[in-house]
Amino acid sequence: MRDWAIEQFGTNDKAVLVFGALIVVLVIGVGVGVLAMRGQRTAAYALTCVIGLMGGFAVLIRPAPSLGKLMPTIVGTIVSIAVLWYLAPRPVSEADRLAGEAEPMGVDRRRFLTGAIGVGSIAVFAGGVGRLLQQRFEINSERNALVLPTAGGKAQALPANAQLSASGLEPFVTPNSEFYRIDTALVVPQVSKNSWKLKVHGLVDNELEITFDDLLARPQVERYVTLSCVSNKVGGDLVGNALWQGVLVKDILEEAGLQEGAEQVVGRSVDGWTCGSPTEVIMDGRDAMLAVAMNGEPLPARHGYPVRMVVPGLYGYVSATKWITELKLTRWEDFDAYWIPRGWSKKGPVKTMARIDTPRNGSDQMSTVAIGGVAWAVHRGISQVQVRVDEGEWRDADLGGVPSNDTWVQWVYELEADPGRHVIEARAFDGDGVPQAEEPAPVAPNGAQGYHRITIETSNTSN
Ligand SMILES: Nc1nc2c(c(=O)[nH]1)N[C@H]1C(S)=C(S)[C@@H](COP(=O)(O)O)O[C@H]1N2
Ligand SMILES: [Mo]
């Protein structure tokens, strides 16, 4: 069902899930009400309690359950029972019946109506106050006030030709507001830098506990890194490129001292989500970092404020822990991170991929038109992008500049085609000259592959 929902709703899956849950609660509420009106009060109470218990159970099987997290369910169930007790019609007493109280239903109905309006108003008021209170816990004001130290060393230069001029290309640096978001959090965690701590433990010589101020006091680097999701389909948009600032994970692990068998670096977030990266990848000299800034600002809450991990060359699900609070060193066999038992590979190196961004699939174009897009093989770099028309010869595209092998590259190919329908395909070669895989594969278990292909209709006159 989860796979179907993600397929249908894509990144709107959370909104659909919340809306669906509200509908289900509403339907159950109507059911409880109908039971109560029919005089089956015991059944109505029982159903309310069962729903409460199911809610409590759902909280308990989440990572890091606590009394605080159980509270909304407990309070909600108690309030539901109280409202039910208050609104449900009382059985007419024998005495009243004998005394000939003529319209028990009429009386009940009036009582029910005023009662329901009263309860409804209180509910709306309480909900409004709750929302206002919730804003007090939002981290935006803290984040807006935060001034980060500038990264030491040389800022990485962006070549002037990183951004090519063809129309329809995405910006080389993805603005934060447009950066894709993928995570399992229904509500964006609000983590204050003041309470934030990173625990480094497991197979290390010295356990570390690092506060946000400790982290900021360490040497910082600033690097452009392209981040992509293993769930990105061929041609998909779950990929973005940003300038990240942070502390190298390698420095921290060296200080902690790696022990024999520390093969996997498990990142854990405040909401219990986990992922595992190969220690050798983190330590091999690439800019794997604990990032505090994204495109010159503190991390946006939805992208992991106050600290997240970014590892060039690994898909997000095995490296990019947002709201990170823990790094644990383990053996591969000793721990499976969140997505592993759900059918995804333990290791997730980013696959080489070319994407066509312009023109749009299915569009009408002039016979002379610029085909363009991006290609990435994060950390291996891109050496070549080629385009072919109607399965003809592969032709080299022109590549833009890059600050390093850790980012995508823009490419453009000037097409001159006869009028008619054309299939355009692109493929990329990584820095070692290895072409991207041709054989299509779905996103699970370790990333989609195959050529991105579009169809356009060209003519000699513009329309
Ligand atoms: N805490 C947490 N971090 C997470 C995830 C998550 O579900 N929870 N998802 C990961 C996945 S699958 C990806 S692709 C990246 C996406 O990062 P972004 O939302 O900043 O683009 O975050 C990673 N970090
Ligand atoms: Mo992902």
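Which one of these is touching a residue at least 12 places away in the same chain (Cβ under 8 Å) and under 22 Å from residue 407 (Cα atoms): 365, 386?
Working: 365 fails: under 22 Å from residue 407 (Cα atoms).
Only one candidate qualifies: 386.
If I ask for residues that are part of a strand (DSSP E or B) and either within 16 Å of ligand 2 (Cβ to nearest atom) or touching a Phe, Trp or Tyr at 6+ places or on another chain (Cβ under 7 Å) (or both), which ones from segment 223-251 would you list? Outline the logic, then answer.
Taking segment 223-251 as the starting set, the residues that turn out to be part of a strand (DSSP E or B) are 223-228, 239-248.
223, 225, 226, 227, 228, 239, 240, 241, 242, 243, listed by residue number.
Listed here are the residues, each with its yes/no results for (1) modelled with pLDDT of 95 or more; (2) closer than 13 Å to residue 269 by Cα.
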| position | (1), (2) |
| --- | --- |
| 167 | no, no |
| 174 | yes, no |
| 177 | yes, no |
| 181 | yes, no |
| 187 | no, no |
| 197 | yes, yes |
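Taking the criterion of being farther than 30 Å from residue 268 by Cβ, outside the structural domain of residue 232 (by TED's automatic domain parsing) and touching a Cys at 6+ places or on another chain (Cβ under 9 Å), would at least one residue in segment 38-46 satisfy it? Walk me through how you get there before you give the answer.
From segment 38-46, those farther than 30 Å from residue 268 by Cβ are 38-46; that's our starting set.
With the extra rule that they be outside the structural domain of residue 232 (by TED's automatic domain parsing), the set shrinks to 38-46.
Add one more test, that the residue is touching a Cys at 6+ places or on another chain (Cβ under 9 Å), and what stays is none.
Checking segment 38-46: not a single residue is farther than 30 Å from residue 268 by Cβ, outside the structural domain of residue 232 (by TED's automatic domain parsing) and touching a Cys at 6+ places or on another chain (Cβ under 9 Å).
Looking only at segment 288-301, filter to residues that are within 14 Å of ligand 1 (Cβ to nearest atom) and open to solvent by 10 Å² or more (accessible area, probe 1.4 Å); which one of those is nearest to residue 403 (Cα to Cα)?
295
Within segment 183-226, can you find the residues that are in contact with a Leu (Cβ under 9 Å, 6 or more places away or on another chain), within 16 Å of ligand 1 (Cβ to nearest atom) and open to solvent by less than 20 Å² (accessible area, probe 1.4 Å)?
Across segment 183-226, the qualifying residues are 196, 198, 225.
Would you point out the residue of segment 284-339, among those that are among the acidic types (Asp, Glu) and part of a loop (DSSP other than H, G, I, E, B), that is farthest from ligand 2 (Cβ to nearest atom)?
Start the filter on segment 284-339 by keeping residues that are among the acidic types (Asp, Glu), which leaves 284, 287, 297, 326, 333-334, 336.
Subset that is part of a loop (DSSP other than H, G, I, E, B): 284, 287, 336.
On the way: 284: 22, 287: 20, 336: 17 Å.
Taking the candidates together, the pick is 284.
Would you confirm, using the coordinates I've provided, whether residue 112 is touching a residue at least 24 places away in the same chain (Cβ under 8 Å) and either more than 30 Å from residue 294 (Cα to Cα) or in contact with a Cys (Cβ under 9 Å, 6 or more places away or on another chain) (or both)? Outline the logic, then answer.
Details: touching a residue at least 24 places away in the same chain (Cβ under 8 Å): yes; either more than 30 Å from residue 294 (Cα to Cα) or in contact with a Cys (Cβ under 9 Å, 6 or more places away or on another chain) (or both): yes.
Considered against the rule, which asks whether it is touching a residue at least 24 places away in the same chain (Cβ under 8 Å) and either more than 30 Å from residue 294 (Cα to Cα) or in contact with a Cys (Cβ under 9 Å, 6 or more places away or on another chain) (or both), residue 112 comes out as yes.
Residues of segment 10-54 being among the aromatic types (Phe, Trp, Tyr) and surrounded by 14 or more Cβ atoms within 10 Å (Cβ to Cβ), which ones?
Filtering segment 10-54 down to residues among the aromatic types (Phe, Trp, Tyr) leaves 19, 45.
Within segment 10-54, 45 is the sole residue that qualifies.
For the condition within 16 Å of ligand 1 (Cβ to nearest atom) and at pLDDT 95 or above, what is the one hit in 236, 272, 261, 285?
Values: 272 fails: at pLDDT 95 or above; 261 fails: within 16 Å of ligand 1 (Cβ to nearest atom); 285 fails: within 16 Å of ligand 1 (Cβ to nearest atom).
From the options 236, 272, 261, 285, the qualifying one is 236.
Would you pick out the residues in segment 346-372 that are outside any strand (DSSP E or B), open to solvent by 30 Å² or more (accessible area, probe 1.4 Å) and within 15 Å of ligand 1 (Cβ to nearest atom)?
Let us first name the residues in segment 346-372 that are outside any strand (DSSP E or B), namely 346-348, 350-352, 359-363, 367.
Okay, now just the ones that are also open to solvent by 30 Å² or more (accessible area, probe 1.4 Å), so 346-347, 351, 360-362.
Listed by number, the residues that qualify are 346, 347, 351.
Just one of the numbered conditions (1) at pLDDT 95 or above; (2) open to solvent by 10 Å² or more (accessible area, probe 1.4 Å); (3) on the phi > 0 side of the Ramachandran plot; (4) out of contact with any Leu (no Cβ under 8 Å at 6 or more places or on another chain) is not true of residue 343; which one?
All conditions are met except number (1).
Exactly one condition in (1) more than 13 Å from ligand 1 (Cβ to nearest atom); (2) closer than 30 Å to residue 141 by Cα; (3) in contact with an Asp or Glu (Cβ under 7 Å, 6 or more places away or on another chain) is not met by residue 322; state its number.
Failing condition for residue 322: (1).
If the requirement is being of a type in the set (Phe, Trp, Tyr) and touching a Pro at 6+ places or on another chain (Cβ under 8 Å), which of these qualifies: 332, 339, 323? So that I can check it myself, show each step before the final result.
Details: 332 fails: touching a Pro at 6+ places or on another chain (Cβ under 8 Å); 339 fails: touching a Pro at 6+ places or on another chain (Cβ under 8 Å).
Residue meeting the stated conditions: 323.
For segment 227-258, what are the residues that are among the hydroxyl-bearing types (Ser, Thr, Tyr) and open to solvent by 40 Å² or more (accessible area, probe 1.4 Å)?
So the first thing to find is which residues in segment 227-258 are among the hydroxyl-bearing types (Ser, Thr, Tyr), and the list is 228, 231.
231 - this is the single residue of segment 227-258 that is among the hydroxyl-bearing types (Ser, Thr, Tyr) and open to solvent by 40 Å² or more (accessible area, probe 1.4 Å).
Being touching a residue at least 60 places away in the same chain (Cβ under 8 Å), among the small types (Gly, Ala, Ser) and open to solvent by less than 10 Å² (accessible area, probe 1.4 Å) narrows it down to one residue among 261, 267, 304, 272; which is it?
Numbers: 261 fails: open to solvent by less than 10 Å² (accessible area, probe 1.4 Å); 304 fails: touching a residue at least 60 places away in the same chain (Cβ under 8 Å); 272 fails: open to solvent by less than 10 Å² (accessible area, probe 1.4 Å).
267 is the lone residue from the list that is touching a residue at least 60 places away in the same chain (Cβ under 8 Å), among the small types (Gly, Ala, Ser) and open to solvent by less than 10 Å² (accessible area, probe 1.4 Å).
Among the numbered conditions (1) in contact with a strand residue (DSSP E or B) (Cβ under 8 Å, 6 or more places away or on another chain); (2) open to solvent by 40 Å² or more (accessible area, probe 1.4 Å), tell me where residue 143 comes up short.
All conditions pass for residue 143, except number (2).
Could you please find all residues in segment 373-385 being open to solvent by less than 10 Å² (accessible area, probe 1.4 Å) and either among the polar types (S, T, N, Q) or not in a strand (DSSP E or B) (or both)?
Once the filter is applied, which keeps residues that are open to solvent by less than 10 Å² (accessible area, probe 1.4 Å) and either among the polar types (S, T, N, Q) or not in a strand (DSSP E or B) (or both), segment 373-385 yields 377, 378, 381.
The values are calculated or read from the model by the stated rules, or taken from the named source; none is laboratory data. On a predicted model such as this, the values are computed, not experimentally measured, just so you know. Note that each Cβ is placed from the backbone with ideal geometry, even for glycine, and that neighbours are counted across all protein chains shown. Keep in mind that these areas ignore ligands, DNA and RNA; they rest on the heavy atoms of the full protein, side chains included. Shrake-Rupley method; radii C 1.70, N 1.55, O 1.52, S 1.80 Å.
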